[in-house]
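The values are calculated or read from the model by the stated rules, or taken from the named source; none is laboratory data. Remember, predicted model here, so these are calculated numbers, not experimental data. Heads up, the Cβs are rebuilt from the backbone with ideal geometry, glycines too, and the neighbour counts pull from every protein chain shown. Surface accessibility is based on the protein's heavy atoms, side chains included, excluding ligands, DNA and RNA. Shrake-Rupley method; radii C 1.70, N 1.55, O 1.52, S 1.80 Å.
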Amino acid sequence: MKPHFHKVPITLQSSFSIRHDIKPDFGNIWHYHPELELHYVIKGEGVRFIGDNISNFVPDEMVLIGENLPHTWRCKDEYFQNNPDLNTEAMVIHFLPDCLGKYMLTLPEAYLIPKLFEKAKSGMVIHGKAKDKLVELMRLAVDATNLDRIIILLSILKTLAETDEYSQIVTSKNTFYQSNESETLRINKICNYTLTNYKKDITLEEVASLSNLSVTSFCRYFKLMTKKTYYDFLIEIRVSHACRFLIENKLPTEVICFDCGFNNVSNFYRHFKKVTGMTPLDYKRKYLN
């Protein structure tokens, strides 16, 4: 889908931004920016969209997003019901590739950093000891001042550049383009409607009417924006929710099937294996172990 350009607020007195946010939810605007983003979820659950990837997010997840890679975090429906006891919490760092000076990236000692920025264009989920170290550094960065901020950022870049404890998020080479305001509103309306109603039978006529398009024009428009059909998008969202329910291990697979909007078990198994590469039982075993 075409993302919306977002201007990251970085003051003239700072070379990068660091925030510790506590909010009702993470918002739902599909956007991109020239800054790289290191995003650590402390509290919150839902579905994240990064590039053309749709996956669940949970607390204690750290993601590095490259420059101009579109993304959004959509919390579960419970976070939008004005519950004062339910909120999200995250630490987020934004920095431009040349925030420490355009010549730093050409230094022979810094050769790993441009390689890191190239890997980040596909998104990286950081794991293991590297993630633990980065969490500690981000906490220090929140309150750091003056040269300490720069030293901590360099330590963060060093940890990210040297680690092999990560998995790539985006596997395709699709290019994403800047959208205008009307396209942003249209695609976000479709996305939010789907995330709210994925358990029900959603027809092409319904979503096309949201876009003020005919069904044929909508299908062409959605494929152009997302590089996939609307039904592929809907199935990926349903499978993502099924994955979360399987990991929670509270409901039988047959119940999860219908709770996630699939109309029969065989259909659910077929789509689940196509999206994840494994059966629901294999998926549950892998993550519970």
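For segment 39-55, does any single residue satisfy the condition of being free of Cβ contacts under 8 Å to residues at least 24 places away in the same chain, open to solvent by 30 Å² or more (accessible area, probe 1.4 Å) and within 29 Å of Lys227 (Cα to Cα)? The answer is no; no qualifying residue exists. If Phe26 satisfies every condition in (1) within 21 Å of Asn188 (Cα to Cα); (2) in contact (Cβ under 8 Å) with a residue 40 or more places away in the chain; (3) open to solvent by 10 Å² or more (accessible area, probe 1.4 Å); (4) part of a strand (DSSP E or B) but one, which is the exception? Going through (1) within 21 Å of Asn188 (Cα to Cα); (2) in contact (Cβ under 8 Å) with a residue 40 or more places away in the chain; (3) open to solvent by 10 Å² or more (accessible area, probe 1.4 Å); (4) part of a strand (DSSP E or B) one by one, Phe26 breaks only (4). In segment 94-116, is there at least one residue being touching a strand residue (DSSP E or B) at 6+ places or on another chain (Cβ under 7 Å) and among the small types (Gly, Ala, Ser)? Checked segment 94-116: no residue is touching a strand residue (DSSP E or B) at 6+ places or on another chain (Cβ under 7 Å) and among the small types (Gly, Ala, Ser). Scanning segment 69-109 for residues that are part of a helix (DSSP H, G or I) and of a type outside the set (Asp, Glu) gives Tyr79, Phe80, Met104, Leu105, Thr106, Pro108.
When the residues of segment 265-289 are narrowed to those that are open to solvent by 100 Å² or more (accessible area, probe 1.4 Å) and at pLDDT 90 or above, which ends up nearest to Glu248 (Cα to Cα)? That would be Lys273. When we screen Tyr231, Tyr198, Tyr221 for residues that are more than 20 Å from Lys274 (Cβ to Cβ), hydroxyl-bearing (Ser, Thr, Tyr) and not assigned by the TED database to the domain that holds Gly51, the only hit is Tyr221. Among the residues of segment 29-38, just one is in contact with a strand residue (DSSP E or B) (Cβ under 6 Å, 6 or more places away or on another chain), open to solvent by less than 20 Å² (accessible area, probe 1.4 Å) and at pLDDT below 90, namely Trp30. Applying the criterion of being touching a helix residue (DSSP H, G or I) at 6+ places or on another chain (Cβ under 8 Å) and surrounded by fewer than 23 Cβ atoms within 10 Å (Cβ to Cβ) to the residues of segment 62-71, the residue that is nearest to Pro24 (Cα to Cα) is Met62. Based on what the data block shows, is Glu206 modelled with pLDDT of 85 or more and in contact with a strand residue (DSSP E or B) (Cβ under 6 Å, 6 or more places away or on another chain)? It is false that Glu206 is modelled with pLDDT of 85 or more and in contact with a strand residue (DSSP E or B) (Cβ under 6 Å, 6 or more places away or on another chain). In the set Ala141, Ala130, Ala161, only one residue is of a type in the set (A, V, I, L, M), open to solvent by less than 50 Å² (accessible area, probe 1.4 Å), within 14 Å of Ile65 (Cα to Cα) and assigned to a helix (DSSP H, G or I); that residue is Ala161. The residues listed here are Val125, Val135; of these, the one that is at pLDDT 95 or above and touching an Asp or Glu at 6+ places or on another chain (Cβ under 8 Å) is Val125. Residue pairs whose Cβ atoms lie under 6 Å apart, separated by 6 or more positions or on different chains, with the first residue in segment 153-164 and assigned by the TED database to the domain that holds Ile113 and over 13 Å from Ile93 (Cα atoms) and the second buried (at least 18 other Cβ atoms within 10 Å of the Cβ) and among the β-branched types (Val, Ile, Thr), are Ala161/Ile113. Taken as a whole, the condition of being open to solvent by 80 Å² or more (accessible area, probe 1.4 Å), modelled with pLDDT of 95 or more and in the same structural domain as Phe16 (by the TED database) does not apply to Lys102. Listed by position, the helices (runs of 4 or more DSSP H) inside segment 182-289 whose residues that are free of Cβ contacts under 8 Å to residues at least 24 places away in the same chain and of a type in the set (Ser, Thr, Tyr) number at least 2 are 215-226, 265-276. More than 26 Å from Lys133 (Cα to Cα), crowded, with 21+ Cβ neighbours inside 10 Å and outside the structural domain of Ile247 (by the TED database): does that describe Arg74? For Arg74, the condition - more than 26 Å from Lys133 (Cα to Cα), crowded, with 21+ Cβ neighbours inside 10 Å and outside the structural domain of Ile247 (by the TED database) - is met. In segment 226-262, the residue that is most open to solvent (accessible area, probe 1.4 Å) out of those that are in contact with a strand residue (DSSP E or B) (Cβ under 9 Å, 6 or more places away or on another chain) and not aliphatic (A, V, I, L, M) is Glu236.
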